[in-house]
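First the structure, in the form of structure tokens, and then the observations on it.
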Amino acid sequence: MPELSDSASGAPTNNGTTSPLTIIIFGASGDLTHRKLLPALFDQAVDGLLHPETRILGVARRQKTHLEFREEIRESVQTFARNTGRLDLFPEFEKRIFYHAMTFDDPNGYNALRTTLLSDEFRKPTQGNVLYYLATPPSYFVPIIRNLGSYGLSTINEGETATGGGFTRIIIEKPFGRDLASAQDLNREVLQVFRENQVFRIDHYLGKETVQNIVVFRMSNPAIGSLWSNVHVKSVHITVHEAVGVEGRGDYFEEAGILRDMVQNHLFQLMTLTAMEPPVAFEAQAIRDEKVKVLRSLKPIRTEDIPKVIVRGQYTVGEVDGVPVPGYRNEPKIPPTSDTPTFARIKVEVQNWRWAGVPFYLTAGKRMTRRETIIRIVFKEVPFALFRLAGCPGTVSNELIIRIQPNEGIALRFGIKRPGGRLVIDPVEMDFSYQTAYHDKAPDAYERLLHDAIIGDSTLFARNDEVERSWTFIAPLLGDLSRLSPLRFYTAGTDGPEEKDRLDDPLPA
Ligand SMILES: NC(=O)c1ccc[n+]([C@@H]2O[C@H](COP(=O)([O-])OP(=O)(O)OC[C@H]3O[C@@H](n4cnc5c(N)ncnc54)[C@H](OP(=O)(O)O)[C@@H]3O)[C@@H](O)[C@H]2O)c1
């Protein structure tokens, strides 16, 4: 039987020490567990980042044996893991995987979980450490959390905690609420059962290497950092385009819309990392303090400004990559008169010393030309058109383009003189590509985030006040906007409605 790599011994790594633990995944037969969570845990095991005594206990409704569950996980790992070349390690990995069938409202199920966690087979090798993962539809978050509290599962490792040894933690999937009131309710429920430092609210965008690199790129390069303000920057454009539509989740998307699905979470994370001040230390509390300050600095949206700060769109029938696709209103489970936006561009202003006067444009859309997440920093023009007076047509604006996905990298756009006798300035790019510089496939975001939760590092997870601040800001845009910002239709496979460029006008007073 092949062994997991040496560093899988639980020894400290340069990513932090991993402790043995039991990971209980609620929603273990779901899409997320199969496509992301178990492949990520396998990849961690192969890379030596998962303690060999770790147990993984899947919980879901359908009856199945441990062996049947392991067989399903094998297929997921074969399809979705990064280290598919190391499937010889799967037999060792699967010994740690177990399954427990229960419905989320079943008291006997929680009692049985407690018995399992306290059994010698689980407790001794894992030192009683537990990480719960709520990979369920959001409507189950509160019932599960309440039951974890009622059945003593949130304090199951209290003895060890008192002696400084062990932990009980919980990861909660997105969406964290659907508006301010529901996010506050959920925070209240969670914090009645767990302490804030036990809670890890996940936004998988934060696990992406290129997202973490926004901070490193800004704050480890003085030449870049010194340009990062309204002195030099004219505008910031953060764009998340998806080529896919609602992918069989029409009922969910119709309720959520693009503002809840993408903007309140992923785009706000990218914005706060781009705009935040350098933290006093590179640690969770300090970084999250700075992100919250950005959210606090956002100019509130007044009703009368709504037409000037948002363009909402919805896709109609078209083609993506040459394949015909239906319009949003023709997708399954979507009413034919739906007013739900599948595209939004909003213009926000961070009202602080660094960013006053610089518009941030946040754009998200489904059924766009292609999948692409980028941050584009557009710099101010030269103060004096020296070359125009010498007969040279046009100038080039400097732009820094951070590609989050795909083709991760950073490009700088600048002007150069075209060779030859005439004075002509051409735009060119210097381009750094992760793929070219680092040939290894980067770890998936879920690998990084699971690892961080296991070692107790909450830097890349949202804090309660951060979530509530973002909902507070976006609240005016979540109601019925059919009058203030009527839907603009765009053909699937294009880059959104033409009206989106209307927001490039000066900011409203
Ligand atoms: N899928 C993704 O790519 C993705 C990405 C980002 C975030 N998320 C978030 O992750 C969470 C899970 O998403 P998903 O797509 O994996 O969901 P899903 O495919 O619908 O899976 C739901 C899981 O919950 C279980 N379940 C549902 N009702 C239950 C009940 N009453 N008692 C016991 N088990 C029950 C199901 O078990 P049975 O199969 O046995 O019924 C299944 O394991 C959601 O909050 C979603 O927003 C998902």
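The values are calculated or read from the model by the stated rules, or taken from the named source; none is laboratory data. Values in this document were obtained by computation on a predicted structure and should not be read as measured data. When we count neighbours, we look across all protein chains shown, and the Cβ atoms used for this are built from the backbone with ideal geometry, even at glycine. Only protein heavy atoms, including side chains, enter the accessible area calculation; ligands, DNA and RNA are left aside. Shrake-Rupley method; radii C 1.70, N 1.55, O 1.52, S 1.80 Å.
Counting only heavy atoms of the protein chains, get the accessible area per residue of the chain (1.4 Å probe) and round it to a whole Å² value. Mind showing how you got there, number by number?
Numbers: 22590 Å² over 509 residues.
Value for the chain: 44 Å² per residue.
Considering only protein heavy atoms and a 1.4 Å probe, what is the carbon-and-sulfur percentage of the accessible area of the chain?
That share works out to 53 percent.
State the extension gain, in nm to one decimal, for the chain segment bounded by Val428 and His232, taking 0.36 nm per residue of separation less the distance between their alpha-carbons.
On the way: separation 196, 0.36 × 196 = 70.56 nm, distance 1.97 nm.
Using 0.36 nm per residue and subtracting the Cα-Cα distance, I get 68.6 nm.
Once the whole set of protein chains is in place, how much accessible area is left on Lys64, using a 1.4 Å probe, in Å² to the nearest 10?
Its heavy atoms expose roughly 40 Å² to the probe.
Which cross-chain or sequence-distant (5 or more) residues have an amide H under 5 Å from the amide H of Ile97, H modelled 1.01 Å from N in plane?
Residues meeting the amide H criterion: Ile56.
Quick check on region 6-201: of the DSSP beta bridges with both residues there, what percent are antiparallel, nearest 5%? Don't skip to the answer; put the middle values down first.
Numbers: 1 of 24 bridges.
Bridges in region 6-201 that DSSP calls antiparallel: roughly 5 percent.
Using modelled backbone amide H atoms (1.01 Å from N, in-plane), which distant-in-sequence or interchain residues come within less than 5 Å of Gly313's amide H?
Excluding prolines and chain starts, which carry no amide H, the hits are Thr342, Phe343, Ala344, Arg488.
Which FRET efficiency value, to the nearest 0.05, is calculated for Arg114 and Ala390 with the Förster distance at 56 angstrom and r the Cβ-Cβ distance? Can you show the working numbers first?
Details: r = 80 Å, r/R0 = 1.43.
Efficiency computed from Cβ-Cβ geometry: 0.10.
DSSP loop trypsin sites (Lys or Arg not before Pro) in region 346-389 with at most 13 other Cβ atoms within 10 Å of their Cβ, which ones? Spell out each step's value before the answer.
Values: sites: Lys347, Arg354, Lys366, Arg367, Arg370, Arg371, Arg376, Lys380, Arg388; in loops: Arg354, Lys366, Arg367, Arg370, Arg371, Lys380.
Counting only loop positions with at most 13 other Cβ atoms within 10 Å, the trypsin sites (Lys or Arg not before Pro) in region 346-389 are Arg370, Arg371.
Can you put Leu449, Leu67 in order of accessible area, largest first, using a 1.4 Å probe? Mind dumping the intermediate values first?
Numbers: Leu449 0, Leu67 125 Å².
In descending accessible area the options line up as Leu67, Leu449.
Could you work out the relative contact order of region 6-201, using alpha carbon pairs under 8 angstrom and six or more residues apart, expressed as a whole percent?
Value for region 6-201: 22 percent.
DSSP loop (so not H, G, I, E, B), at most 13 other Cβ within 10 Å: list which chymotrypsin sites (Phe, Trp or Tyr not before Pro) in region 395-442 pass both filters.
Values: sites: Phe414, Phe432, Tyr434, Tyr438; in loops: Tyr438.
Filter output for region 395-442: Tyr438.
Quick one: of the DSSP bridges fully inside the chain, what percent are antiparallel, nearest 5?
Details: 45 of 78 bridges.
Percentage antiparallel, nearest 5: 60.
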